[in-house]
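See below for the structure under consideration.
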Amino acid sequence: PPPPTHLYGRDQYLDDIVTSIMTKLSSGASAHLIIRGPGGVGKTAIARAVLHHPSIARAFGSRRLFVTSEGRDTSSLLLSAIATELGLAINSSSNLLKEIISSFKSDSRHLLFVLDNVETIWYSQDQTAIRDLLQHLASIPSITLLFTIRGSEQPYPVKWDPLPPLGALSPEAAHEAFSTIAGGRTHSCLDGLLKGVDYMPLAITLLARLAQIGESVPSLCDRWQSERTGLLQLSRHDPEENMGLSIQMSLTSPLMRGNPRNMWLLSLVSYLPGGVPVRNLSDMMTVAQTELSPAIHTLKRLALVSEDPSHSLKAHSLTQAYVSEHHPP
Ligand SMILES: Nc1ncnc2c1ncn2[C@@H]1O[C@H](COP(=O)(O)OP(=O)(O)OP(=O)(O)O)[C@@H](O)[C@H]1O
Ligand SMILES: [Mg+2]
């Protein structure tokens, strides 16, 4: 895929990834990095920027592989995609995993393997098969791994190099992104609007594109008050152009559907935008802590909620807006 057209406020994060990869390479090892974060925060954009970074292009040349697991929620679908990308001939009797691994091992030149949207396969029925693949990949010294995952989890048992989860943009970067895409349109209500969408890149991009096709900023501010996430859509079917669909994807994850308590808890937390102290949850909801803890853990794993320093559980503001409208308690 091409480099992203816009990438504001990510210089440091991008630099940290490139440095980490290059440092490992120069010591004869290879980096294992995973970009974690909620939907639409810009994980893929960063992975694409890394792929095209001049130092990376120089170090890996044509040995840069990009595979997405989006829509590939079985190991055979994912392995076929990797095999195709590697140019391996596939037939029905192939042991794909074995062939992929031996193809990776047969060439000792460095290779950068970007696997996007690992959550699709990681939270599927085939997690065991994928764990096997990861373990193999991580043991090949010439392969640098750069994965992205929607959520806060680092798939076990790979030993990942340190990389903090990706957060929202700074207010300055959010403004810059908006005004560049919107062709300079601005208004005093913009600060509040960008803050209202939690400085989330996908939401900012959608707002800016609405402005760019002619909607005034004050009108966007007004509509945000009444339409909330319903405003953030340029297409009905494509989650990359529709904030609600993007959030819905996390809500329908197999991990989320595994227990009805998960959605129940998210609805309640979303109903209380100020957040709920974790220690009060059990009493407030008259549910035993043993039932609550797994649900809290799942929502955190999917990066749908986070716990602030005072131990309050809070849904991210777009999730909160979407869930309180579409899944009220
Ligand atoms: N730093 C940025 N500056 C400007 N636009 C950005 C930035 N980061 C991401 N975007 C834009 O925001 C949108 C969402 O980004 P991206 O697809 O990378 O998110 P993601 O975290 O990979 O989402 P998902 O979890 O759905 O895979 C894209 O349109 C992208 O171009
Ligand atoms: Mg992505």
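One table, with the values for the structure above:
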read-out	value
Exclusive hit being among the aliphatic types (A, V, I, L, M) and under 23 Å from the mean Cα position of the chain (by Cα), set 285, 256	256
In the stretch 97-118, the residues that are under 27 Å from the mean Cα position of the chain (by Cα) and either among the hydrophobic types (A, V, I, L, M, F, W, C) or at pLDDT below 95 (or both)	97, 100, 101, 104, 111, 112, 113, 114, 115, 118
Failed criterion for residue 30 (all others in (1) under 30 Å from residue 243 (Cα atoms); (2) hydroxyl-bearing (Ser, Thr, Tyr); (3) more than 16 Å from ligand 2 (Cβ to nearest atom) hold)	(1)
Subset of the stretch 120-158 [among the charged types (D, E, K, R) and in contact with a helix residue (DSSP H, G or I) (Cβ under 8 Å, 6 or more places away or on another chain)]	126, 132, 150, 153
Top-ranked residue in the stretch 264-310 [being in a loop (DSSP other than H, G, I, E, B) and not aliphatic (A, V, I, L, M); ranked as farthest from residue 167 (Cα to Cα)]	286
Residues that are outside any loop (DSSP other than H, G, I, E, B) and open to solvent by 70 Å² or more (accessible area, probe 1.4 Å), drawn from the stretch 1-30	11, 12, 15, 16, 19, 23, 26
Any helices (runs of 4 or more DSSP H) falling wholly within the stretch 71-158 and containing at least 3 residues that are within 16 Å of ligand 1 (Cβ to nearest atom) and either without any contact (Cβ under 8 Å) to a residue 12 or more places away in the chain or surrounded by 15 or more Cβ atoms within 10 Å (Cβ to Cβ) (or both)	119-122
Residues of the stretch 203-246 satisfying the condition of being open to solvent by 20 Å² or more (accessible area, probe 1.4 Å) and under 20 Å from residue 44 (Cα atoms)	205, 209, 233, 234, 235, 237, 238, 239, 240, 241, 245
Scan of the stretch 1-45 for residues that are closer than 21 Å to residue 159 by Cα and of a type in the set (A, V, I, L, M), ordered by number	14, 17, 18, 21, 22, 25, 29, 31, 33, 34, 35
Tally of residues being hydrophobic (A, V, I, L, M, F, W, C) and within 14 Å of ligand 1 (Cβ to nearest atom) across the stretch 13-64	11
Condition met for residue 258 (open to solvent by less than 70 Å² (accessible area, probe 1.4 Å), of a type outside the set (A, V, I, L, M) and at pLDDT below 90)	no
Yes/no for residue 173 being touching a His at 6+ places or on another chain (Cβ under 7 Å), at pLDDT 95 or above and in a helix (DSSP H, G or I)	no
Within the stretch 249-267, tally of residues that are among the polar types (S, T, N, Q) and without any contact (Cβ under 8 Å) to a residue 24 or more places away in the chain	1
The listed residue being surrounded by fewer than 15 Cβ atoms within 10 Å (Cβ to Cβ) and over 17 Å from residue 325 (Cβ atoms), out of 179, 253, 170	170
Close pairs from the stretch 286-312: first hydrophobic (A, V, I, L, M, F, W, C), partner surrounded by 12 or more Cβ atoms within 10 Å (Cβ to Cβ) and part of a loop (DSSP other than H, G, I, E, B), Cβ under 6 Å, at least 6 apart	303/38; 303/152
Subset of the stretch 145-188 [hydrophobic (A, V, I, L, M, F, W, C) and farther than 27 Å from residue 254 by Cα]	169, 173, 174, 177, 178, 181, 182
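So that you can scan it fast, the table gives a plain yes or no per residue for (1) within 16 Å of ligand 2 (Cβ to nearest atom); (2) in contact (Cβ under 8 Å) with a residue 60 or more places away in the chain; (3) in the same structural domain as residue 303 (by TED's automatic domain parsing):
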{"site": "176", "(1), (2), (3)": "no, yes, no"}
{"site": "194", "(1), (2), (3)": "no, no, no"}
{"site": "202", "(1), (2), (3)": "yes, yes, no"}
{"site": "215", "(1), (2), (3)": "no, no, no"}
{"site": "218", "(1), (2), (3)": "no, no, no"}
{"site": "223", "(1), (2), (3)": "no, no, no"}
{"site": "229", "(1), (2), (3)": "no, yes, no"}
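The values are calculated or read from the model by the stated rules, or taken from the named source; none is laboratory data. These numbers come from a predicted model, not from an experiment. Virtual Cβ from ideal backbone geometry, glycine too; neighbours counted across all protein chains shown. Surface areas here come from the heavy atoms of the whole protein model, side chains and all, with no ligands, DNA or RNA. Shrake-Rupley method; radii C 1.70, N 1.55, O 1.52, S 1.80 Å.
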